Structure formats: structure tokens, C-alpha cells
1. Could you list which residues have their amide H under 5 Å from that of Val206, counting only those 5 or more apart in sequence or on another chain, with H placed in the peptide plane?
2. Would you calculate the separation in nanometres between label points at Ser244 and Val296, each defined as 7 Å from the Cα along the Cα-to-beta-carbon direction?
3. Please identify which residues in segment 77-112 have an amide N closer than 19 Å to a label point set 7 Å out from the Cα of Ile49, following the Cα→Cβ vector.
4. Using Cα pairs under 8 angstrom and six or more residues apart, how large is the relative contact order of segment 224-266, in percent?
5. Could you compute the FRET efficiency for Glu211 and Asn113, with r as their C-beta to C-beta distance and R0 at 22 Å, rounded to 0.05?
6. Given Cα pairs under 8 Å that are at least 6 residues apart, what percent is the relative contact order of segment 74-216?
7. Hey, what's segment 165-314 come to in accessible area per residue, 1.4 Å probe, Å²?
8. Which whole-Hz couplings ³J(HN,Hα) result when phi for each residue of segment 202-208 is put into the Karplus expression 6.51 cos²θ - 1.76 cosθ + 1.60, θ = phi - 60°, listed in order with x for Gly and Pro?
Amino acid sequence: MGTPRPLEVWLLLLLLLLTPLASGGENITSQPVSKKFTEEPRNVCLGLINKGHYGPFYLENTAQCFRTCEQLSNESCNLGNLQRYWLDYENYLVEQSLENAMNLSFLKALVKNVSTNISEDLHFSLTPSQILGQAPEDKNKFPDRVRLPRSLFASLQGSRSEVRLAVSVLDIGSGNLFKGHRLSRENNGSVLNNRLVGLSLGRMHVTGLREPLEITFSHQRQPPNMTLTCVFWDVAKGTTGDWSSEGCSTELGAEGTVCRCDHLTFFALLLRPTLDKATVQALTKISQAGCGASMVFLAFTIILYTVLRLSQKRFESEDAPKIHVALCVSLFLLNLTFFINLGHSSKESLATCWAQGALFHYILLCVFTWMGLESFHLYLLVIRVYNTYFGHYFLKLSLVGWGLPALMVIGTGTANSYGLYTIQDQEGRTTLELCWFSKKIALYIVVHGYFLVTYLFSAVALGLVVWKIFTLSSATAGKEKRQKWKGVLTLLGLSSLVGMTWGLAILTPLGLSTIYIFALFNSLQGVFIFCWFIMLYFPIQSTVASSGMAQAEQTHTVSHE
């Protein structure tokens, strides 16, 4: 959600790529699909067939496009026509509709004749599960509400004695309708709860109110790295319209946000990830320094393994150091592509950016996969122990470690999911640009989802290994204190191998301090692995190398190639 988170830093970068966004959105309620829609989905979602028709059948028929039009490149959808359909529906409610209320799963609407000589402000309840209605001024009873000042209607007294007012709440689902260019640039941005509030006097344009109207949106407490902004749909922006905050102010609260605007139209609350420029620069410097150090130590690890393999024949048949080095190679390449991606120029072609995004995604998946394979190897080494012979074991692991990510990248690339990824601050200024994902759904599935699967597997495997190590340590009489220290150091070493520091990405919504810790520890993973490798395989035996886990790694061979 977002889930950040969201999903989708090790720098700030991978933080935002892995943190799922917690938008609190609700999915549109399923409606029976009409025969007409199933036969002609292309024409319906082009906004042509139902144009000008607003009966319940046509409304439900067109609402199916909220789910259908989830891809910006979907040729069967015309976002401009569909958005215009729902904007025109507001005018229809005021000028032609004979009904005073509409109650559909995705749409609640109320139409009311209002005297321009009223003596009090008007208040309406916006509870999405109920039919909209006028309500008394009771802030505690109606957490979602709208207040229209009496001065709004008084300003119209010279032209008419009564006006017809339409108030509506539209659930647009999680697709691309009413997303606009502003949210298209932000993979983790969304309309809060996917809900729009419409206020209309028909074709009468009301702007520049002396006393602004108020809309209160209730919501749960948001993570500190997310920002809420009151916006309205501006049809004059771009070719199909876009969100704008001009003329609106935002008053943030713990459990609700009050939007004050000086005009009538469609309103919403945008939820977006935000990192100010100073924070982005600080995280970038931390990550660049950490990644640079990691690259140096990872290179040392690879060189050390090469020297030991040439000087000691046993390294030719042992699988554990080979797996460690494969992980080192993938991490080295990830750090390298990270530096290349940070140097992205806006002048680069779309094809170049697409290739950079695909390469970065491939190597990131390789890192996740090799960390999972480290966990699998540890499980065989410490827990299963017996019957662990596999012919061509490391070759098979290599096919999984380098081949599975390639298949996933090919599938993702076929769906044209790579492109420019932009991170902006609260004022909408770009703070970071890189080549990554252009489609949020693909990011959640092939990055967030894959990471969670491999991370949970690694966490379970590491938990079993740690339990085994500490069980053996406590069984050793007279050496309890010493064994505990060795067990703790072993745990730290194994945690770096299986990527436990990546789990900090799940905690980043807790605050900015967690983001800094994540950036620091994750960028130094290569340093930790180098220290572990030295303690295990350097000819001078260290204290940790005498522990049960280290001895197992040095002497046990799972297979012969």
C-alpha cells in the first residue's frame, strides 16, 4: 500500500523500490458485466458508446473501465473521453436528472435545490457506504463531510433565487482514470482511497470564493515519508486534464485532512511518497560512500577466493565458497549499475532508459535469488545434513541464480514495464530521476512480491540455523560464555549472507531514522561479507572459524561437479 510500499534504497532508491505504499485504498465493488460490455469492451472504454447516456445500466457499464484501463498504454481505453464522461455526468445531475439521489456501489450522489437566501452554511455527510445526505454541523458524527459557506449562494442572489446543487462521491478504483500526468510520474502516488468528491452547480462556473468550501477526508495516520495534498481536477491541464492544487489549501490532522478550496469541481486527496531535497542528497551520499566501499571489499573477496582456489585444491570442490562468491559478483554488479543509474540524463533516449531499467532489475533479482540460495545451502548444511548429495550441485544453483531472474526480466520487458521513475518532494519538484519501472503493478509483482518470498524463506532458514547453533552451544559444558559469543558472531555473519538487512525496508514507514539505518547497513553488505569470508577461509584461523558453523562450511562438501 505502499506494501510505501510500495513496494516498489539501499539507498533511498532501493527503499522506495521495496517499500510498499500503504494508501488504504478500497477496490471497486464488482458489478455484473453486461453482455454488451463483454462483446464490445473496446468501444465502451473508448468513451463513445455510452456518451450522453447516464442511466444505471450505462453508468455501471462505463464503470467497468475503472478496472479495464489499468495500463496507460492500453489501446482499448481513451482516458480523456472516459474522464469527460464522469465530468459531464455532474452537469447532467444538475440540469437533466429527475432523480434526487443515486446509490450504486461505486457512486453515491445527491441532488438538492438550494435557496440563494439561506441563513446558514450547508453541511453534507460523505460516508461512502451510505446515501449522501444533508447533515447538521457535527464534526464528531460525520468524519467525512463537506461544508459549503452560505456566502457562496448569497453571491448568486442577483441572478436567481434558487440553484440546483449536485454532491457526489465516485470510487475510481486503482486504474489510470483520473490519475493524470502528475501521478503517472510517481509510481507510488495514488488518490487516497481511490475516491473523488464532486461539487457542481451544473454549467455555472463558481471560482474565486471569498470564503472557501471545506471537505474533510478521514484516514488513518500516514507514515512520515508520505504526504497528503488537496487537489482538484483541472480540465485545462494537458490534453486530458490533470490534478492541480491551485486555490486549495491542506490542513493535515492525525485522523483526517481538511481541504479548503475557492471553487467547485471534482476534489481528491493525493497520497505521495516524499523526501525533501536535503534528505535525498544525504541518503545519496551515504549510499554512494557505502556502495563504493562495498565494491572495493567485494572485489577483494573475489580476488581472495581466486588466490585460495589456485593455491589450495580443496576450494575446487567445495560449494560454499563458490556460492559466497556468486553472491559477491551479483552484489558488485548491483552496486555498479546503481552508480550508472544515478548518472541518468534526461537527454537519454527511451530505449536507453528501458535497457538500464531492465539491467538494474535483472541484477537486483539475481541478488535476491543468490541470497535465497545461500539460505537453502545453509539449511542443507546445518539442518538436513544427511542425504544432501546432488550431482552438479553448483551448476544447478547457477542456473537458478542467473537464469530465473532472466526469465522474469524477459516477461516484464515484454509487457513494456520499464521506463523513467521520478521521485518528487511536497512541492512537486523532482528530487531524483532514474531508469526503473513505469508501471506500478509490475513493480509490486516482480520486485516487491519476489523480494518478500525470498526474504521470508531466508528468515525461516536462518531462524532454524540459529536455533541449531545455539542449541549445540548450550550443550557444551564449561564453555557456555565463549560459545555464546561465537554464536552471536556467526549469526551476524550469516545474516549478511542471506540479506537480513534488506528486511529494514519493511520498517522504513516507521520514520526517517529507519531509512538512514537501511541505507547505511544495506550499502555496507559487501564489507560484512568480506569480513565473514576472511574469518572462514583465510589461512590464519580466527576465533569464529573454530565454531561449529564455520567448521562445517570449511569441511563439508555437498556435491562434486
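The values are calculated or read from the model by the stated rules, or taken from the named source; none is laboratory data. Being a predicted model, the structure only gives us computed values, none of them experimental. In this analysis, Cβ positions are derived from the backbone assuming ideal geometry, glycine residues included, and neighbour counts consider all displayed protein chains. We work out accessible area using only protein heavy atoms, side chains counted, and drop any ligands, DNA or RNA first. Shrake-Rupley method; radii C 1.70, N 1.55, O 1.52, S 1.80 Å.
1. Close amide H contacts, sequence-distant or interchain: Leu264.
2. 5.2 nm
3. Correct set: 77-86.
4. Details: 51 pairs, mean separation 13.9, N = 43.
Value for segment 224-266: 32 percent.
5. Plugging the Cβ-Cβ distance into 1/(1 + (r/R0)^6) gives 0.50.
6. Values: 220 pairs, mean separation 41.8, N = 143.
Across segment 74-216, relative contact order equals 29 percent.
7. Details: 6050 Å² over 150 residues.
It amounts to 40 Å² per residue over segment 165-314.
8. Using θ = phi - 60°, the values come out as x, 7, 7, 7, 10, 9, x Hz.
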